[in-house]
There are 2 protein chains.
Amino acid sequence: MTASAAQTSPRKRAGNGAVRRNDADEIGLDALVGHAGYAVRRFQIWIFQDFIRTLGDVDIRPTQYSVLTVVGANPGLSQMAVAKRLGIERARLVHLLDSLEQRKLVKRTKSKEDRRSHALHLTAQGETALAKFKHLAAEHERHVEARIGKENRAHLLRILAGFT
Amino acid sequence: MTASAAQTSPRKRAGNGAVRRNDADEIGLDALVGHAGYAVRRFQIWIFQDFIRTLGDVDIRPTQYSVLTVVGANPGLSQMAVAKRLGIERARLVHLLDSLEQRKLVKRTKSKEDRRSHALHLTAQGETALAKFKHLAAEHERHVEARIGKENRAHLLRILAGFT
DNA sequence: GAAAGATTGTTGTTGACGACAACAATTGTA
DNA sequence: TACAATTGTTGTCGTCAACAACAATCTTTC
């Protein structure tokens, strides 16, 4: 995909330079097709919407889910460690944890090793809730498979493994 | 990747339940690895940051670039048509076009066919600017190739072609 | 042809999210 | 002991998606 300039291929025009269209779906994307970022963005929007819808009953968004799984798999982690691992800013994580703590899914306890930091743990309620979330997330993942194909999804994960 | 519940595999714990870590990079993601959405989100963040950096000198963000290319390839389009094609809300497109019009890259002209709508065109300045943007975008695309591999990028585009 | 409904662009609000800056408490270091 | 760095927190700013409401303008229906 060389980005040669101005490869515009306009359709039939009306006298005033406007394009006549009966079907709005026949609008060309031109150089946009061939840009990985565009395809990835559209796919990411779709996949997040499906995740949010699938986990809608339990009211868990992707970022919340990522925090819960990491804390669940690594109990005692500090906020700084979680933020760094997930690529979340620590200021943002504060609000996320406020919400999760209000819902009794996570608890902050003062670390005795470093009294600046908080050790993060799932509550008992958080553990059982996370188990349910994981089942729903697996259902969402099956939606992805249904959309792009089982082997394509596997290949995608392999290609993007370096970004996790 | 079956999402059986609570496959937590915590590391060595201290007495208070906190996890000792010297290296912060050895934090497990547990169920997050294997979720397409997580990998895609991280990749999308990376790719957008590179796009923004690569086109930083000309101050063009991915969404602005997508609008310019679509208008450039389909002159005379209405705002509604552009919004629908790109998956942008028409309310959002208003501000995007305000900015692009202030920079003299795009102009809105009243459509004579439908006086509710605006026909969108690139200005002469917009045409030449877009050509430059496309060169920079191609450079960004080469960064993607360097990061994930040429054939992986091609495969990615094929897998996600249905979302463009 | 007139009334009712739908569409287009616009303005505004809300909430999730990333980027930054400042601050107190605490730790590490010179 | 003084100085620098880290951690959690609060706050601001800008981007972005999702809605809702509105006037102007089509489109449909009677």
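Remarks
- The contact residues of segment A:67-85, meaning those that lose at least 50 Å² of 1.4 Å-probe accessible area when all protein chains sit together rather than their chain alone, are A:73, A:74, A:75, A:85.
- Mean projected area (nm²) of the alpha-carbon convex hull when segment B:101-164 is viewed from all directions: 6.7 nm²
- B:99, B:111, ranked by accessible area, largest first (probe 1.4 Å): B:99, B:111
- Closest approach to the axis - chain A beta-carbon, rotation onto B, Å: A:44, 2
- Peptide B:106-118 - average C-beta neighbours from other chains (10 Å radius): 1
- The residues of segment A:44-164 expose on average 51 square angstrom of accessible surface per residue, using a 1.4 Å probe on protein heavy atoms.
- Between segment B:86-140 and segment B:37-51, the Cα center-to-center distance that results, in Å: 25 Å
- Multiplying the residue separation of residue B:49 and residue B:142 by 0.36 nm and removing their Cα-Cα distance gives an extension gain of 32.1 nm.
- Take each residue in A:42-53, count the other chain C-beta atoms within 10 Å of its C-beta, and the mean is 5.
- Ellipsoid semi-axes in whole angstrom, largest first, where each is sqrt(5λ) of the Cα gyration tensor of segment A:29-163: 31, 18, 13
- Chains B and A together bury roughly 7000 Å² of accessible area, counting both sides, with a 1.4 Å probe on protein heavy atoms only.
- Rounded to the nearest 10 Å², the accessible area of residue B:95 at probe 1.4 Å: 120 Å²
The values are calculated or read from the model by the stated rules, or taken from the named source; none is laboratory data. Not measured: the values here are computed from a predicted model. Methodologically, a virtual Cβ is constructed for each residue, glycine included, from the backbone with ideal geometry; neighbour enumeration extends over all protein chains shown. The area values use the complete protein model at the heavy-atom level, side chains included, leaving out ligands, DNA and RNA. Shrake-Rupley method; radii C 1.70, N 1.55, O 1.52, S 1.80 Å.
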